[in-house]
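**Q** Dumping the structure here so I can ask a few things about it.
The values are calculated or read from the model by the stated rules, or taken from the named source; none is laboratory data. This structure is a prediction, so every number in the text was calculated from the model and none was measured. Every residue, glycine as well, gets a Cβ built from its backbone with ideal geometry; the counts of neighbours run over all protein chains shown.
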Amino acid sequence: MPHTTRVLRSEWTKIRSVRSTLWTLATALVVTVGLSALICAFTASQFDKLSKQQQLTFDATQTSFSGSGLGQLAMIAFGVMVVSSEYSTGMIRSSLAAVPQRTVFLLTKVFVATSLVLVVGMATSFSAFFVGQALLGEHAVSIQDEGVLRAVLGGGVYMTLIALFSMGLSFVLRSPLLAFAILMPFFFLISNILGTVSATKKYAQYLPDQAGKTITAVVPESLNRPYGPYEGLAIMAAWALAALVVGWIVLKRRDA
């Protein structure tokens, strides 16, 4: 236990000493809350122009997280940098020399990073909700309404899972450039395209981001998925777990 405690402290020092990793978390909060606020304000001003069907299926809670699409990119960047910086700087050799038990090394790194991301994710989720509802005015909902608290908490969990998925994949790819080149275009562009093309839409709804975001939905008619919010989050969690398992296997088998 004393050895594990020292490793945890070491991982916390690594994250804290690299300013770019902390700035990405701050960026995730500012971008998500700021963009969501703009979308909520615009939606409130144009609400009367929406079709009757759009008004009936309007999900005020999910609208508060409209900026998470960009905010999640910062969480991805955090996950990539936490892991791949070890390889790009050559620190991985020193880290594994100090902690030869590679499973312990991975678990402690993931635990420290996840704890930090969960705190920021929850702060981001609650801030986006309350700011967004304030701007929606008469169309707003209360956090005490059915399903709303679940959605807000789920928003923070989603951001944590997206960072976990990125960490797992970064253990596989090792290179920060390669990880960014794959993850950023996929989550920012490719996933959305696949989700709108009729030939791929039914498969794209099981991608990690499209499944995970359903946890922020409260109005059932706005989901348009063959599964509910909890099932969607479970699919996202399975993707994150699979990425971490593959990353663990690669870490165990490859040389530093």
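**Q** Restricting attention to segment 119-129, does a residue exist that is modelled with pLDDT of 90 or more, within 14 Å of the chain's Cα centre (by Cα) and not in a helix (DSSP H, G or I)?
**A** no
**Q** Can you tell me which residues in segment 179-220 are in contact with a Phe, Trp or Tyr (Cβ under 9 Å, 6 or more places away or on another chain) and either of a type in the set (K, R) or closer than 16 Å to G67 by Cα (or both)?
**A** Result: D209, G212, K213, T214, I215, T216.
**Q** Separate question: Hand me the list of helices (runs of 4 or more DSSP H) wholly inside segment 31-99 holding 1 or more residues that are surrounded by fewer than 18 Cβ atoms within 10 Å (Cβ to Cβ) and over 15 Å from the mean Cα position of the chain (by Cα).
**A** 52-56, 68-88, 91-98
**Q** May I ask you to say which residue of V246, V250, V219 is surrounded by fewer than 19 Cβ atoms within 10 Å (Cβ to Cβ), at pLDDT 95 or above and either among the aliphatic types (A, V, I, L, M) or more than 16 Å from the chain's Cα centre (by Cα) (or both)?
**A** V246
**Q** Please go through segment 15-25 and pick out each residue that is in a helix (DSSP H, G or I) and touching a residue at least 24 places away in the same chain (Cβ under 8 Å).
**A** Listed by number, the residues that qualify are I15, S20, T21, T24, L25.
**Q** So, in segment 214-242, exactly how many residues are closer than 17 Å to D59 by Cβ and in contact with a Gly (Cβ under 7 Å, 6 or more places away or on another chain)?
**A** 8
**Q** Right, V197: exposed (fewer than 13 other Cβ atoms within 10 Å of the Cβ), of a type in the set (A, V, I, L, M) and over 20 Å from the mean Cα position of the chain (by Cα) or not?
**A** The answer is yes for V197.
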